[in-house]
Number of protein chains: 2
Amino acid sequence: MIYLWLEYNPPVPLRLQIEATRGSARTGKLITPHGEVETPVFMPVGTLASVKGVSQDVLEELGVEILLANTYHLYLRPGVETVRQMGGLHRFMSWERAILTDSGGFQVFSLNELRKVSEEGVAFRSHLDGSPHFLSPEKAMEIQIGLGADVIMAFDECTEYPAETHRARASMELTLRWAERCKSYFEEHRHEVPWGRKVHVGTAAPGCPGERNLADVAELRSAGQPRVAVPTRPEATQALFGIVQGGMDRGLRRESAERTIDIGFPGYAIGGLSVGEPRAVTREIVESTLEHLPSNQPRYLMGVGTPEEIAQYAQLGVDMMDCVLPTRAARHGLLFTSEGKISIKQARYAQDESALDPACDCRVCRRYSRAYLRHLYASNELLAQVLNTVHNLYYYLATMRTVRAWVRAGCVTAPGVSRA
Amino acid sequence: MIYLWLEYNPPVPLRLQIEATRGSARTGKLITPHGEVETPVFMPVGTLASVKGVSQDVLEELGVEILLANTYHLYLRPGVETVRQMGGLHRFMSWERAILTDSGGFQVFSLNELRKVSEEGVAFRSHLDGSPHFLSPEKAMEIQIGLGADVIMAFDECTEYPAETHRARASMELTLRWAERCKSYFEEHRHEVPWGRKVHVGTAAPGCPGERNLADVAELRSAGQPRVAVPTRPEATQALFGIVQGGMDRGLRRESAERTIDIGFPGYAIGGLSVGEPRAVTREIVESTLEHLPSNQPRYLMGVGTPEEIAQYAQLGVDMMDCVLPTRAARHGLLFTSEGKISIKQARYAQDESALDPACDCRVCRRYSRAYLRHLYASNELLAQVLNTVHNLYYYLATMRTVRAWVRAGCVTAPGVSRA
């Protein structure tokens, strides 16, 4: 079976279709080249083109509509050339829904001793083998075009915390100059996204594993079903988002927002938060910055937060969020439930037959007891990490579903009417 | 929702229902208290009540009808009392299909320096914390009754390889005396299996995770679906299998078989193989021992082997096999395919878009490329272990399906008629 997409249509930019609002909050759909994403949305982190321990079909079942992958990590492994050769991240990881890549800026920022920032870009050493590398705005674009996510991010400098005002301003100015360079490079090279280049050919041939000379193998023969194809419309293009910086200074944040909007992007992110500042400061900066972002374009708050926080930020008007917390905490046995956070390693759960979260409908809570999950974790079983991650992701996604329902309930005649 | 099973029916012993034969080989069904198992069967190993990295619903989808769990490991973690309190392994791990536990004999045999064998039993130290323990035939029965598998194994001494004839005889005699003690204890205590004791009460209550005070939560409300119940007929009982030992001596093997049959069990295992002897010796001992085992009862060959070997042993007339090879090899990136064994870590697969095994229908081969699997393994991603294990198990199970089809094809009028 061979899929070919040869017809030409004009480019379709990413857009946000707002369907309901309630105060500052809004719900709607982000229309991407790889499907629609209900917003506000929490994006699970698949650092190396995999959400650790969770297969893509389970992510689909969880209702994940967009994933985040990390440019820095993918640049090191497997390298952009490999992903480009394979037709981009979607085809490489067999994920036909939307993907967003970060710019690598935050990751190299986190390398501390291993990096050096200049006007041109950032020299850094790989955390894997110490090999030297250089990321510039142009290079970050080149890589992200090769990876082929639906949404890609401008290369920014994540201002450290705390920072003096003059330092925060200098950093913001650098991010603005880099934003211009990112946009220029992207507009010249966006056609290089590898989506259209590869034609998927189903590879599953008839046959049977094992003893091939046995008489009755009919029941084992493959139906010739191809691996999942990733149909991408040729008119679709990547979208480059700008990033607002400015440290913890409301004035700088406003200026950063306005000047980034002047450059012009189809969506805007708030970066440089969750870098050690108090949560009250995070919230203040988010709230004040949101006022200066266009109401008809997607707003992405990077790298937050707890379930309570993502619900709060969504209620303030954020459309997109990502965080490693649900997946990383899961691998450490920390589970989010409607009754609060649970550390499943505790001995008190050793003979607890109840579901992890009695109010949760996820496949883990429907099937397994706390006692079993505690045993898996205490015994260092792989399945502990798998099941804990599935539950925490479900909990985060359910939290966002609840917020969306809450927003919709604000604009319909009777509460409780669901558009689900 | 509450399940109660109160009616009384007479005990139903485990039995093998042979449906077709071809030479020494046979195919049929093992009727167990927790469902029917098509034989010959390969039993995946779930050492600590989990097949490493694979959730129970995926095992069901793979068509796994019986799992093996390790008594030694479960005795140490979480401990038999916990499992007994939870109603046995089936309910503890939420697996309503059949389970077999080994006796712990092979595991303590493997401890080498940490064990001391006497007439009474085996003193050993835990590999986890060095704590002292003692396993006797009676203790092994007590533990296995508490764990509540469908098939449990007599506590035997696994004779080391190589062994002089007098040593192999002494070891065999010890195993025979232990077999008598196992049977006596089991017959007195089999009613203590915890299957009937617990009543499952569904715990999933209506509610929603996340922001509980939001207006529209209807779409999130649980349907009140209980976790999987494990319906066990009260008339069902565990089955205790005897184990044939005798080292690599055909005469001793014959004597061990005959005298174990004299004691009387509903099934017989061939133990003490795959302990370092040449494969030709393994095969010779298997073939000669099988001649002395009852043709109307299940025959279980413990701890083998490669896909080729399990197909060969099944063709010799073995009904049940288990081995850590598919799961352990998977975690080391060694994958069984119709084109031979593949080490997925090799750089040659870095840009290989083809399916792992083009002739395989498993969910991994249908969706992912060798390039992606290679990337996951090279990047030490959890998902590598999960996907590799799923594929290898599928391959083993498909190998057994092929053998069953081959046996059935020998006794029907036209080749290619499948009963699948």
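The values are calculated or read from the model by the stated rules, or taken from the named source; none is laboratory data. Predicted model only: the values in this text are computed from it and were never measured. For neighbour counting, all protein chains shown are included, and Cβ atoms are generated from backbone atoms with ideal geometry for every residue, glycine included. For accessibility, only protein heavy atoms count, side chains too; no ligands or nucleic acids. Shrake-Rupley method; radii C 1.70, N 1.55, O 1.52, S 1.80 Å.
Output the residues belonging to the range A:278-317 that are surrounded by fewer than 17 Cβ atoms within 10 Å (Cβ to Cβ) and more than 20 Å from A:L30 (Cβ to Cβ).
A:P278, A:R279, A:A280, A:V281, A:E284, A:E287, A:S288, A:E291, A:E308
Out of A:L325, A:L316, I need the residue that is of a type in the set (A, V, I, L, M) and touching a strand residue (DSSP E or B) at 6+ places or on another chain (Cβ under 8 Å). Which one?
Exactly one of A:L325, A:L316 is of a type in the set (A, V, I, L, M) and touching a strand residue (DSSP E or B) at 6+ places or on another chain (Cβ under 8 Å), namely A:L316.
Do you know which residues across the range A:21-45 are touching a strand residue (DSSP E or B) at 6+ places or on another chain (Cβ under 6 Å), in contact (Cβ under 8 Å) with a residue 40 or more places away in the chain and surrounded by fewer than 17 Cβ atoms within 10 Å (Cβ to Cβ)?
Within the range A:21-45, A:G35 is the sole residue that qualifies.
Got a sec? Which of A:V228, A:V193, A:V275 is within 14 Å of another protein chain (Cβ to nearest Cβ) and either modelled with pLDDT under 95 or more than 14 Å from A:M172 (Cβ to Cβ) (or both)?
Selected residue: A:V228, the only one of A:V228, A:V193, A:V275 that is within 14 Å of another protein chain (Cβ to nearest Cβ) and either modelled with pLDDT under 95 or more than 14 Å from A:M172 (Cβ to Cβ) (or both).
Scan the range A:146-181 for residues that are free of Cβ contacts under 8 Å to residues at least 60 places away in the same chain and either in contact with a Pro (Cβ under 6 Å, 6 or more places away or on another chain) or buried (at least 20 other Cβ atoms within 10 Å of the Cβ) (or both) and jot them down.
A:F155, A:W178, A:R181
Check A:G130 against each of (1) without any contact (Cβ under 8 Å) to a residue 40 or more places away in the chain; (2) in a strand (DSSP E or B) and name the one condition it does not meet.
(2)
Only one residue in A:A359, A:A330 is buried (at least 19 other Cβ atoms within 10 Å of the Cβ), of a type outside the set (S, T, Y), farther than 23 Å from B:V54 by Cα and within 27 Å of the chain's Cα centre (by Cα), so which one is that?
On inspection, the qualifying residue turns out to be A:A359.
Just to be sure before I move on: is A:F134 at pLDDT below 95 and farther than 21 Å from B:E353 by Cα in the structure I sent?
no
Is it the case that A:I18 is crowded, with 19+ Cβ neighbours inside 10 Å and of a type in the set (V, I, T)?
The answer is no for A:I18.
List the residue pairs whose Cβ atoms are under 8 Å apart, where the first residue sits in the range B:350-361 and is closer than 17 Å to A:P78 by Cα and at the interface with chain A (Cβ under 7 Å from one of its Cβ atoms), the second is in a loop (DSSP other than H, G, I, E, B) and open to solvent by less than 10 Å² (accessible area, probe 1.4 Å), and the two are 6 or more positions apart or on different chains.
B:Q351/A:M86; B:E353/A:M86
Failed condition for B:R401, given (1) closer than 26 Å to A:T47 by Cα; (2) facing another protein chain (nearest Cβ under 7 Å); (3) open to solvent by 30 Å² or more (accessible area, probe 1.4 Å), with all others met?
Just one mismatch for B:R401, condition (1).
Restricting attention to the range B:368-386, and to residues there that are open to solvent by less than 10 Å² (accessible area, probe 1.4 Å) and touching a Gly at 6+ places or on another chain (Cβ under 9 Å), which single residue is farthest from B:Q346 (Cα to Cα)?
Out of the qualifying residues, it is B:L383.
With respect to the numbered conditions (1) crowded, with 17+ Cβ neighbours inside 10 Å; (2) touching a Pro at 6+ places or on another chain (Cβ under 9 Å), which one is the sole condition not fulfilled by B:L335?
If we test B:L335 against (1) crowded, with 17+ Cβ neighbours inside 10 Å; (2) touching a Pro at 6+ places or on another chain (Cβ under 9 Å), just (2) comes out false.
Of all residues being part of a loop (DSSP other than H, G, I, E, B) and open to solvent by 20 Å² or more (accessible area, probe 1.4 Å) in the range A:46-58, which is nearest to the other protein chains (Cβ to nearest Cβ)? Just the residue, please.
Per the stated criteria, the residue is A:K52.
May I ask you to list the residues in the range A:245-291 that are farther than 17 Å from A:D156 by Cβ, assigned to a loop (DSSP other than H, G, I, E, B) and free of Cβ contacts under 8 Å to residues at least 40 places away in the same chain?
A:P278, A:E291
Write out, first by first residue and then by second, each pair whose Cβ atoms fall under 6 Å of each other, whose residues are 6+ apart or on separate chains, and whose first residue, in the range A:323-341, is on the phi > 0 side of the Ramachandran plot and away from chain B (no Cβ under 14 Å) while the second is surrounded by fewer than 19 Cβ atoms within 10 Å (Cβ to Cβ) and of a type outside the set (S, T, Y).
Cβ pairs passing all conditions: A:G333/A:K345.
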